1. Going by how many other beta carbons lie within 10 Å of each one, how would you line up 37, 164, 114, fewest first?
2. Just round it to a whole percent: the fraction of Cα-Cα distances in the stretch 160-204 exceeding 16 Å.
3. Only counting other Cβ atoms within 10 Å, I'd like 17, 118 sorted with the fewest neighbours first.
4. Work out how much length residue 53 to residue 106 would gain on full extension: take 0.36 nm times their residue separation and subtract the Cα-Cα distance, in nm to one decimal.
5. Using Cα pairs under 8 angstrom and six or more residues apart, how large is the relative contact order of the chain, in percent?
6. Once you put a point 7 Å from the Cα of residue 191 and another 7 Å from the Cα of residue 127, both along the Cβ direction, what distance in nm separates them?
7. Which value, in debye to the nearest 20, describes the size of the charge dipole of the stretch 3-203 about its Cα centre when Lys and Arg Cβ atoms bear +1, Asp and Glu Cβ atoms bear -1, and nothing else is charged?
8. With unit charges on the beta carbons (Lys and Arg positive, Asp and Glu negative) and the dipole taken about the Cα centre of the stretch 3-203, which residue among 74, 130, 164 sits farthest to the positive side?
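Computed from the coordinates by the stated procedures, all read-outs in this text should not be read as laboratory data. Quick caveat: nothing in here was measured; it's all calculated off a predicted structure. So basically every Cβ, Gly included, is an ideal-geometry build from the backbone, and we count neighbours across all protein chains shown.
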Amino acid sequence: MLDRHFIKLLKWPLDTSASQLVKYNVSANKVTVIGFFIGLMVIPSVFFQAYGVALCLILINRICDGLDGAIARQTKPTDLGGYLDITLDFIFYSAVIFAFALANPAQNALPAAFLIFSFMGTGSSFLAFAIMAEKRQIKQLDYGKKSLFYLGGLTEGAETIGLFVFICLLPGYFSIAAWVFASLCWLTTGTRIYTSYLALKSDT
């Protein structure tokens with residue numbers, strides 16, 4: 001819901017930083033992979049309840065996620081880069097939630113499982129339509145130039161980052177936040193499925 005606005009807001013600082021990295025031959029894929037492994041360090045950080053460290057790692061991961069796209073646009077976007085970006089993003093999102101389940105299984109495991117379950121809905125509805133959009137050459141520019149069609153919704157990247165910041169600052173509220181956010185994810189999934197149905201029903 002908020003991604004299109006944040007993309008415009010962050011475009012200049014990301015493009016400026018990316019241009020400096022390009023000068024040193026830092027590739028987009030390298031930034032993607034490094035950011036991913038930094039992000040995975042959230043799991044031990046949360047497990048040992050170092051929530052401040054976890055928050056810093058999350059923010060670094062998200063900065064890398066913005067930089068890789070900016071670098072790709074200034075050099076040469078590739079299918080491999082797009083594939084790595086979206087795949088590692090979804091793994092990272094689930095890793096953060098998994099970490100909170102590990103940190104307090106008795107309180108967090110069930111809501112964490114429900115939230116990861118909801119991520120399957122948002123992720124599959126997003127990626128499945130992207131495949132169909134590519135097949136039909138459907139284009140949209142609301143989210144800038146992307147490696148695949150970006151089907152929006154109520155819970156997008158910006159909202160997910162907001163959730164991660166919240167649960168790191170107030171880990172005691174993870175359970176409530178997870179239930180609420182997962183419910184919003186299912187609303188997103190429902191609207192995406194309906195939107196996709198309207199766009200693709202001409203085949204039926």
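1. Taking fewest neighbouring Cβ atoms as first place, the list is 37, 114, 164.
2. Working: 507 of 990 pairs.
The share of Cα pairs beyond 16 Å in the stretch 160-204 comes to 51 percent.
3. By the 10 Å Cβ count, ascending: 17, 118.
4. 16.8 nm
5. Values: 219 pairs, mean separation 53.8, N = 204.
Relative contact order, the chain: 26 percent.
6. Simple spin-label model gives 2.3 nm for this pair.
7. Rounded to the nearest 20 debye, it is 480 debye.
8. So the residue furthest toward the plus end is 74.
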